[in-house]
Amino acid sequence: MTLRDNPRIDSPSSLDRPVLRAPISPSDTAIANYAGRDLQPNCGVPLNLDWVNAVRVNTSAVERRAQTIGTRRTVKKEWQAAWLLRAITCMDLTTLSGDDTDERVRRLCAKARQPLQQELVQKLGIESLDIKVAAVCVYHTFVESARRAIEGSGIHVAAVSTGFPAGLSPFEERVAEIRRSVEAGADEIDVVITRAHVFGAKWQALYDEIAAFKNACGPAHLKVILGTGDLITLRNVARASFVAMMAGADFIKTSTGKEAVNATLPVSLVMTRAIREYAQETGMAVGFKPAGGIRTAKQSLEWLALMKEELGDSWLKAELFRFGASGMLADIERQLEHHATGRYSADYRHPIA
């Protein structure tokens, strides 16, 4: 059986929404379904402080549940290969180094367009799937270079903004940076919140800040980075998640990748359950992006299992789930090559940029 015969693999999807046709029903604009209910894209709601202040997190229970992810359910052989292919289509291929250059960004975009070597694609029998990543994520300076390099591919350009990674530049400059990135061609903006608002429980200030970022994004999707490694407690993570979603975030994201602690399964569990509660209360779906420290194919399977178990199949697509990663792709390639040939290849055969 080749992967071409596997009914669980679909072609990668994008964030592009279909043209609306009259008459419009809720199912026409739905981007997800949970418990039989169609969910709409998030447009935000007024800040509900009662909801935020009522948030409680049982840390020990969260940690116990997180330990079971990846052990309760395993996938093998062609099913594992299918899940790894899905992980690629949900990937934001990223370069955020101080020594980035236009040439490095162009090489990254070439890898984004063809993440698997053609020989491996043929061995797996997946030519018709047109596997590619969801987006490339770069600094504002390189948005135009990335846009030219991925033109016509359907891959999105994501720009980190708002004084990334600290988020402490003057507010007006952060908003202006978002607008410049959108004008340069960015489809998605990854913004950094002011962590001090969380520490001081200044929820209105945090809400207003994210709402302003959302307004500056215009047609671009807003991914809000909470910097969970800096937030100290899971309760802070949960509260910041709810405020970000109320303010209109299209995605909530764990980390910049620059903190001492980045994406972890306990933090991700708290954030996905916040997304689930928000969907149940408002009828709107918000995406999730773990970022930082996710480097292996095995880890990608753990996060996919988390999404499937906590939010369902609707979140197993690029519209609502992303990995912020780059090094992980090389390990996924090695695992897929082992599936196809029975042998592992060397890392140097799978360069990123």
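Points to keep in mind about this one:
- Any hit, region 302-318, residues being farther than 30 Å from D28 by Cα and either in contact with a strand residue (DSSP E or B) (Cβ under 8 Å, 6 or more places away or on another chain) or open to solvent by less than 10 Å² (accessible area, probe 1.4 Å) (or both): no
- Only one entry of G200, G283, G229, G218 meets the criterion of being modelled with pLDDT under 95 and out of contact with any Cys (no Cβ under 6 Å at 6 or more places or on another chain), and that entry is G229.
- Single unsatisfied condition, V182 versus (1) closer than 18 Å to V286 by Cα; (2) open to solvent by 20 Å² or more (accessible area, probe 1.4 Å): (1)
- Residue check for S345: modelled with pLDDT under 95 and small (G, A, S): yes
- Within region 1-54, restricting attention to residues that are surrounded by 10 or more Cβ atoms within 10 Å (Cβ to Cβ), part of a helix (DSSP H, G or I) and of a type in the set (S, T, N, Q), the residue that is modelled with the lowest pLDDT is T29.
- All positions within region 302-345 that are without any contact (Cβ under 8 Å) to a residue 24 or more places away in the chain and part of a loop (DSSP other than H, G, I, E, B): G342, R343, Y344, S345
- From the options T59, T68, T89, T95, residue that is over 25 Å from C137 (Cα atoms) and either under 19 Å from the mean Cα position of the chain (by Cα) or in contact (Cβ under 8 Å) with a residue 12 or more places away in the chain (or both): T59
The values are calculated or read from the model by the stated rules, or taken from the named source; none is laboratory data. What you see is a predicted model, and the numbers here were worked out from it, not measured in a lab. Please note: Cβ atoms are built from the backbone with ideal geometry, for glycine as well, and neighbour counts cover all protein chains shown. Remember, those area values only see protein heavy atoms, side chains included, never the ligands or the DNA or RNA. Shrake-Rupley method; radii C 1.70, N 1.55, O 1.52, S 1.80 Å.
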